[in-house]
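Before any comments, here is the structure.
The values are calculated or read from the model by the stated rules, or taken from the named source; none is laboratory data. Bear in mind the structure is a predicted one, so any value in this text is a computation, not a measurement. Because the Cβ atoms are built from the backbone with ideal geometry, glycine has one as well, and the counts that use them run over all protein chains shown.
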Protein chains: 2
Amino acid sequence: MPGTNLDFPARLRAAGLRPTRQRVALARLLFEGGHRHVTAESLHVEVKTAQMPVSLATVYNALNQFRDAGLLREVVVAPGRSYFDTNTGHHHHFFVEPDGALHDFPSDKVTIAGLPAPPKGTRLSRVDVIVRVRR
Amino acid sequence: MPGTNLDFPARLRAAGLRPTRQRVALARLLFEGGHRHVTAESLHVEVKTAQMPVSLATVYNALNQFRDAGLLREVVVAPGRSYFDTNTGHHHHFFVEPDGALHDFPSDKVTIAGLPAPPKGTRLSRVDVIVRVRR
DNA sequence: TGCAGTCTTTAGAATTGTTCTAAAATTCTT
DNA sequence: AAGAATTTTAGAACAATTCTAAAGACTGCA
Ligand SMILES: [Mn+2]
Ligand SMILES: [Mn+2]
Ligand SMILES: [Zn+2]
Ligand SMILES: [Zn+2]
């Protein structure tokens, strides 16, 4: 992660969030390695395993706040479960159907041509491409 | 709907489903007009309004069975709610963010080039393009 | 047409993922 | 360190969906 700020308290402050013990622990898990796709439940298990117990409500709060602050993006691929993505740049996803695994792929090689104009009175917000694959 | 079979009992039988009173009523609502996007809840309200009460559990059962039989396809656009689509042909969607409205657009004018190969050991299943727009 | 066998429907309970509540704990400012 | 504001937390509440098991409906075959 070249150019990534590893001073998590500072990054949280910059995002308008108090660098609490819990938020710093979660930010470390989320942002100090490569890009990740997590669910609230998977991150909660992880933070417990790392001997840093954080309540499930706090995990949900933090994920929603991080998303609202632009630190994460939410990816909707399966009904009834939200994935949060530490990669906030332009990219798309492979979704492996039975397991629920998500893989990034860069959007810069992908060209989408011929998209119709947005319905009247609306502005484009984002184009999501989900390539569903099965084993 | 040219070429569409309006004999719902026959269509259900062809799909391997007994043409019960409830399934026929739901199929009529779903398939006798143009293409539609429904949720279990919205279809349940509709069938109640049409004076043919069907339990919510049956609406869920029927939507899942119709999907498994290829009569419907499930579209995942928002966390925590499933949309079912009577258009099972190749097409993509506009999703209007605050209201949750879905609009089809044909995929034949849209070209997606440069998609990477599926991850090792997987086969392509479907490519979903969701164009998110806001007012 | 009558039955038996199988499948379906249903109400309500259960489950799952997520949000809310309000009291206790922490963080920030001075 | 004190006071004010924010955050955390356990548990309750909620929303969408699935499950349970008993009652009802459909079908094939007499
Ligand atoms: Mn959310
Ligand atoms: Mn389902
Ligand atoms: Zn991603
Ligand atoms: Zn559609």
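Things to note:
- Scanning the stretch B:42-64 for residues that are outside any helix (DSSP H, G or I) and of a type in the set (S, T, N, Q), we see that the one that is nearest to the other protein chains (Cβ to nearest Cβ) is B:S55.
- Comparison of A:G34, A:G16, A:G70 shows that the only residue that is exposed (fewer than 14 other Cβ atoms within 10 Å of the Cβ), within 15 Å of DNA strand C (Cβ to nearest atom) and in contact (Cβ under 8 Å) with a residue 12 or more places away in the chain is A:G16.
- Breaking point among (1) more than 9 Å from every other protein chain (Cβ to nearest Cβ); (2) part of a strand (DSSP E or B); (3) within 18 Å of B:A78 (Cβ to Cβ), for A:D104: (3)
- For the residues A:V110, A:V133, the requirement of being touching a Leu at 6+ places or on another chain (Cβ under 9 Å), within 14 Å of ligand 3 (Cβ to nearest atom) and within 14 Å of chain B (Cβ to nearest Cβ) singles out A:V110.
- The set of residues in the stretch B:73-98 being away from ligand 1 (no atom under 16 Å from the Cβ) and touching a residue at least 40 places away in the same chain (Cβ under 8 Å) consists of B:V75, B:S82, B:Y83, B:F84, B:D85, B:T86, B:N87.
- Test: A:R67 is more than 7 Å from chain B (Cβ to nearest Cβ) and within 16 Å of ligand 2 (Cβ to nearest atom): no
- Residue match in the stretch B:72-85 (condition: hydrophobic (A, V, I, L, M, F, W, C), more than 10 Å from chain A (Cβ to nearest Cβ) and not in a strand (DSSP E or B)): yes
- So B:T58, is it in contact with a helix residue (DSSP H, G or I) (Cβ under 9 Å, 6 or more places away or on another chain), outside the structural domain of B:E97 (by TED's automatic domain parsing), away from ligand 4 (no atom under 16 Å from the Cβ) and free of Cβ contacts under 8 Å to residues at least 12 places away in the same chain: no
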